[in-house]
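Reviewing the structure listed below.
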Amino acid sequence: LLLRWRRRRALWRKVAEAQERQERSLVRMEAVVQRFREQHPSVSAASILSLPLPELSKKLRDGSLPPDHVFYAYVGKALQLATETNCITEFLQESENQVRKAKLMERQGLLYGVPVSIKDSIDCQGHDSTLGFIKNLNKPAAEDSVVVQVLKRQGAIPFVKTNVPQSLISYDCKNLIFGQTRNPLLYTRTPGGSSGGEGALVGGGGSILGIGTDVGGSLRFPAAFCGICAIKPTGKRLSKRGIMSGVAGQKAVAAAVGPLAKDVESLALCLRALLSEDMFSLDSTVPPLPFNEEVYSSTKPLRIGYYETDFFTMPSPAMRRAVRQTKQLLEEAGHTLVPFELTNVDHVIFNYCVRGMFADGGSSFVKKFKGEMEKGGTGMFFWLAKAPHWLKTLLCWTSKPFVPRLSSIIRSITENTVGEVWSLHQEIEDFCHQFIAQWKKLNLDVMLCPMLGPALGIGYPAKLSVAVSYTMLYNALDFPAGVVPVTLVTDEDEEQLKGYKGYYQDWWDRTLAKAFRGSVGMPVAVQCVALPWQEELCLRFMKEVETL
């Protein structure tokens, strides 16, 4: 008991030190902004913050806007957002030196002088990538991740790191070290996760461009919940070297790194900058596919598949309306909309995603929490991962008639043999080819899909892991998928929510109905999807949706 008490005290000391560093970061931000304002009282931060990224980067490159004016305008706004939402974990002090150097250097790079925020799990030299784990504190990265290196070579200035949920396997944004991040649009709501700090900071206007990751919706949830845009590219389109993973080594569900921004044109500019020779030379496993301008700027009418529901997670009234209204606008603009029928999404979620990510019965994931003081809202999962096989079999069998989804989760979290894992990977590959065959039979260019929304109340994502079906499908398929906000929740949506039952009418469906309530005025997005390696077409479709 004494040893345990001493170990816990040592852990709390590490947490306290990290929180002090976070506080010192904010104090430093306040000091540098104050100093700049005193030296340049005539600079209008509001006019700088109102510029969209393409216009801002143009002014920076032509010299009509100095990089320090832009930098300190965003540091000031980021500080405000950090105070309101607790989205920033660390201010990257070396960014001040970068700004000074940028003023003296030639104005080169598509992102010259642009301040960029970086998710906690993406390595920045000299800074921790914690994933919300105490054991990862005081272990600064030896070098920048490839993505950060490319951003810097393109003239960008990474200036803050942002908060994540413990382990990243969550679409909320809370950990024991840095606490809960709140949605900038409504503080009682989650900003989404796991790139939740990015969603809150970009959504609140404290960063013009953010970089996050996605293994089940971790870019798309924060973007949708905070009313901004994001794209999850094909898994290997951008380098993941130097990026920490929630479940390292698993290949069943493709992870990806991608940008978040206020508008689609900003995402396109970011991908133009990242898909450069720098990226391909720093990481030769990335295919040398530069940004295809012709596809992105095309105006030819599109043939668009669509569906309103996946028949697994019943869409909220606002989600359904968002798809219907977007479909109507696209048809009026001359595009062809074709119904697409989704089947067996429950099998995909449980057999491919859950079983694929935790093919070792969850033991490597559980190991990550060894020595931690909190289990990040994954209590039931921990219990299942540790339960003996006979007990899981019994629970699976007895719960199937009453709570079929619980039975499926229990069945999915079992240890597989190597042969079974290979067989699973083959099944996922076959499913992907079947999905593409269905897509090509309908001669589709892109797909319009629902996106979970509006933002759930803080704490609800931990109770609603099953609600990731709309996003996780495209990680299993490894298709590029982006989100665009298209509408706000109305009083009528709220009224219709009273009749929400769900497809299973189980505890999860009842909880999801509660989580959606009280959201009038909150944004709701749609998901835009393309075939693998067609990020430019995905962005072109997103731009069309955004414009309409």
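The values are calculated or read from the model by the stated rules, or taken from the named source; none is laboratory data. Just so it is clear, the structure is predicted and the values come from calculations on it, not from any experiment. Virtual Cβ from ideal backbone geometry, glycine too; neighbours counted across all protein chains shown. Protein only, heavy atoms only, side chains kept; ligands, DNA and RNA dropped before computing areas. Shrake-Rupley method; radii C 1.70, N 1.55, O 1.52, S 1.80 Å.
What to note about this one:
- Nearby aspartates and glutamates by direct alpha-carbon distance to K103 (threshold 18 angstrom, same-chain neighbours under 8 apart not counted): D62, D68, E94
- Per-residue SASA remark: E94, around 60 Å² accessible (1.4 Å probe; ligands, DNA and RNA not included).
- Measuring between their Cα centroids, region 519-548 and region 1-24 lie 43 Å from each other.
- Note on L488 and S50: the extension gain reaches 155.5 nm, defined as 0.36 nm multiplied by sequence separation minus the Cα-Cα distance.
- Between K386 and E23, the distance separating the two model label sites (each 7 Å from Cα on the Cα→Cβ line) works out to 3.3 nm.
- A simple packing score, the average count of other Cβ atoms within 10 Å per residue, orders the peptides 253-262, 347-356, 36-45, 196-205 as 196-205, 253-262, 347-356, 36-45, with the highest score first.
- Summarised as an ellipsoid, region 360-415 has semi-axes of 23, 12, 8 Å, derived from the eigenvalues of the Cα gyration tensor scaled by 5 and square-rooted, with the largest first.
- Per-residue packing, averaged as other Cβ atoms within 10 Å, sorts the ranges 19-25, 68-74, 456-462 into the order 68-74, 456-462, 19-25, beginning with the highest.
- Only protein atoms count toward the accessible area here, which uses a 1.4 Å probe; on the chain, the carbon and sulfur part of that area reaches 55 percent.
- Helix runs (DSSP H) in the chain reaching 27 Å along axis by Cα, Kyte-Doolittle at least -0.5: 418-441
- Relative contact order (%) - criterion: Cα under 8 Å, at least six apart; region: region 431-548: 41 percent
- Environment charge of V146, counting only residues whose C-beta is closer than 14 Å and scoring Lys/Arg +1, Asp/Glu -1: 0
- Contact order relative to length of the chain, as percent, for alpha carbon pairs under 8 angstrom and 6 or more apart: 15 percent
- Calculated FRET value between M105 and K441, using beta carbons and R₀ = 51 Å, to 0.05: 0.45
- Between region 325-362 and region 454-500, the Cα center-to-center distance that results, in Å: 13 Å
- Long pairs among K14/K370; K139/K368; K135/K370; K135/K368; K262/K327, criterion Cα-Cα beyond 18 Å: K262/K327
- For Q325 and K139, the difference between the fully extended length at 0.36 nm per residue and the C-alpha to C-alpha distance is 62.1 nm.
- Gyration tensor verdict on region 1-291 (Cα atoms; rounded if a/c is under 1.5, prolate if a/b is larger than b/c, oblate otherwise): oblate
- Antiparallel DSSP beta bridges within region 1-291, as percent of all bridges there, nearest 5: 65 percent
- Fraction of beta bridges assigned by DSSP in the chain that are antiparallel (%, nearest 5): 65 percent
- Listed peptides 102-115, 140-153 by packing density, highest first (mean Cβ within 10 Å): 140-153, 102-115
- Normalised contact order of region 1-291, rounded percent, pairs of Cα under 8 Å and 6 or more residues apart: 18 percent
- Computed from the Cβ-Cβ distance with R0 of 60 Å, the FRET efficiency linking Q39 to Q434 stands at 0.45.
- A simple spin-label model places the labels of L2 and K14 2.3 nm from each other, with each point 7 Å out along Cα-to-Cβ.
- Looking at the chain, the accessible area is 41 square angstrom per residue; that uses a 1.4 Å probe and ignores ligands, DNA and RNA.
- Formal net charge of residues neighbouring M314 (Cβ-Cβ distance under 11 Å; K, R +1; D, E -1): -1
- Modelled label positions at Y503 and V295, each set 7 Å beyond Cα in the direction of Cβ, lie 3.0 nm from each other.
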